[in-house]
Every structure is written in structure tokens, then in C-alpha cells.
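Report on one structure; see the data block that follows.
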Amino acid sequence: MAAAAKFTGAEREKLFIQLEVPFDPAQIKWRVMRTSDDRRSGVILPFADPRAYTDRLNQLFTPAGWTREYTISTVPSLTRFDRGKVIVTSKVLVATAVAIGRLGSHTGTGEEWADRENAVTAADAQAFKRACSCFGLGRYLYRFEEIWVNLNRSGEPVALPILPEWALPPGVTVSRTNGQVVDVRGPVDHKLTAEIESFRNTLGEPIYAEILRRAGHSSDSRTIPNAERQKNVAEWMQAAARGFERLHVLAEMAGNAQFIAAIENLKIASTASLPSLAALKQLVEELEAITGQQVA
């Protein structure tokens, strides 16, 4: 099968704009980077969990429309100082490549001391985010300057900064008086409610519920707070539906025996009710490997 044509210039521009949109404020956390000598104050910077990045990629390109590969290496026999103590350790290095079908690929690198908890996970998350930032996704977080705040006895910030307007998605604002997030993106669209409900059978209950939770911050389509968020949920569901269409095409090409082997290899009980978007992505990638097909 011939490789799919690249996005047009207009399509690429639109996608890059969508990639650069800041995350929902609920997805932003703050990390203490270093503290004062008395540990009563510290420097903090904002970050988003890697799931926020994968959510955006899944929304725009479907779970089958992008891939992530990483390599791990170590640098042994290194020395670092921690609270006056000398620690002999090594460093974990991770290189992560993110490729988006028809758009291109970028690689990011991450590192962490091997003796720290979840060192590989932390280094991989750093590398993944850096690769995504090359596409514009999450790049705005690098604009923040260090902020000093007071810390409690547990070393956590007593109060968090209010996000500036440039770090908020369109239609979202934050009260300057109490720090409350205010979503002003309009009333509910009942046609979108019906459209969202129509995907329940197509996607299966687990994926349908996952999208409601992750994109709509809701457990029921009728309680999504406004039309903008409804639109976001509908786009997620449309993308997942395209993933299922891709799955069905690949399953037919692979043949019954190879298809059954693929789902058994991934320990998937039934494609009628896939457990998650991640499972959908894994199964599509497995079938692409079997059939030798490129992501369309």
C-alpha cells in the first residue's frame, strides 16, 4: 500500500496550533526544584504528567497515528552529593523518539540518578516531553521562570501561583482574587450530547467511559459542563472510532488466524470491549507489524 500523503501546509499549520494550546489547568502540577538552607522556602516550576501529552496526541492523531520508541543506557561509577553525603552511583540516560504519521518525528533525551526511585520512568518522561516540545506540545511550560514560595514541614508549597493568561487554553480564565479556575466556554450543546452518546456501542463501554473521564472530566455525557468541552470529547471519540476502523481493516488483511494470535499475545479478551485506548493502540500496532502496513 502506498504511503499516505503528507499534510498540506494549511493542515500542518492548524495541527501545530492545536498542539501548542496549553493544557487544562487541572492537569498542571508544581515540582519543588530546590530549597533554601532552612527548607522553609523553595523554587517551584510547573509540569504536566506524560498522560496529558499522550491524551493530546491521541485526540489529534488517534492512538494509531503516532508512535513512541525509546532506548536506555547508563553511565556507571559517578559521584554525587546529597545533603552533605557522598553517593557513588550511576546515571540513567533515555532517548525517546516520537513519530507522528504524515508529520515527522523528533527525539528527546532525559536523565536521572540511578539510585533515585523510579529513575528510568523519570528519565523517560523527561525525554518524551522534550520530544513532544519539538512539535510545540507543552513547549509553553519552558517559558516559566523559577518562583520562590514558602514550604510546609513536608516540603510542599503552602500556596501555589496563579497561572498567567498565556498559560491557559482559550476560554479559560483564573480568578485573580481566589485562584479559582473559571471555564467560560459557553452553554451545553444537546446535539453534541446525543453525538457523544452515539459512540457508546461503537467504542465499547471501557473506552467510552475512559474518554468521558479524561477529556470531559465527567462520568456521564449529560454532565459535561459546556459545549467546548463537549466538542473536545466528541473529537476524542471520533479519533477512537477511526482507530477502530483501522483495526477492522488490518484484521481483515491479517486473516483470522493471525488476528487471533495478536489478541492472545496482548491478552485481550475481546475487541468488542477493548479495555482502554492504550490497548487499541497496541493492537493496531501489532497488526501493522504483522501485515507490514504503514499508519495511514
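Points to keep in mind about this one:
- Gain in span if fully extended, residue 152 to residue 109, counting 0.36 nm per residue against the direct Cα distance: 12.2 nm
- R0 of 30 Å, Cβ-Cβ distance residue 93-residue 35: FRET efficiency to nearest 0.05: 0.70
- Calculated FRET efficiency for the pair residue 273/residue 189, C-beta based, R₀ 30 Å, to 0.05: 0.60
- Label-zone membership for the stretch 88-107, site residue 120, 7 angstrom Cα→C-beta point, backbone N under 18 Å: 90-97
- Phi-derived couplings, Karplus 6.51 cos²θ - 1.76 cosθ + 1.60 at θ = phi - 60°, listed residue by residue for the stretch 47-57: 8, 10, 4, x, 4, 5, 5, 5, 4, 5, 5 Hz, with x used for Gly and Pro.
- With Cα atoms, 0 to 90° folded angle of helix 227-254 axis to the chain main axis: 60
- Virtual spin-label span in nm between residue 220 and residue 253, 7 Å along Cα→Cβ: 4.2
- Surface exposure of the chain, expressed per residue as accessible area with a 1.4 Å probe, stands at 56 Å².
- Taking every C-alpha pair closer than 8 Å and separated by at least 6 residues, the mean separation divided by the residue count of the chain gives a relative contact order of 18 percent.
- Accessible area (Å², 1.4 Å probe, nearest 10) - residue 62: 20
- Radius ratio Rg over Rh of the chain, counting only Cα atoms, Kirkwood formula for Rh: 1.01
- Here's the picture: a label point sits 7 Å out from the Cα of residue 27 along the beta-carbon direction, and within the stretch 49-72 the residues with their amide nitrogen under 11 Å of it are 49-60.
- Per-residue ellipticity at 222 nm from helix content only, as computed over the chain with -39500 (n - 2.57) for each DSSP H run of at least four residues, stands at -12500 deg cm²/dmol.
- Cα-based helix-to-principal-axis angle, 205-216 vs the chain, degrees rounded to 10: 40
- Rounded, prolate or oblate (a/c below 1.5 giving rounded, otherwise prolate when a/b exceeds b/c) for the stretch 33-134 by Cα gyration tensor: oblate
- Relative to the longest principal axis of the Cα atoms of the chain, the long axis of helix 9-20 makes an angle of roughly 50 degrees.
- Taking only protein heavy atoms and a 1.4 Å probe, the accessible area of the stretch 213-296 is 49% carbon and sulfur.
- For the chain, modelled as a GNM whose springs connect Cα atoms under 10 angstrom apart, the maximal fluctuation among 56, 102, 34 occurs at 34.
- Three-way shape call for the stretch 97-256 based on the alpha-carbon gyration tensor, with the a/c threshold at 1.5: oblate
- Choice from 244, 81, 47 with maximal GNM fluctuation in the chain (Cα, 10 Å cutoff): 81
- Net length gained if the chain between residue 143 and residue 45 were fully extended (0.36 nm per residue, minus Cα distance): 34.3 nm
- Contour minus Cα-Cα distance for residue 209 and residue 266 (0.36 nm per residue): 18.4 nm
The values are calculated or read from the model by the stated rules, or taken from the named source; none is laboratory data. Source: prediction; values computed, not measured. Cβ coordinates were reconstructed from backbone atoms using ideal geometry, including for glycine residues, and neighbour counts include every protein chain displayed. These area figures cover heavy atoms from the full protein model, side chains too; ligands, DNA and RNA do not enter into them. Shrake-Rupley method; radii C 1.70, N 1.55, O 1.52, S 1.80 Å.
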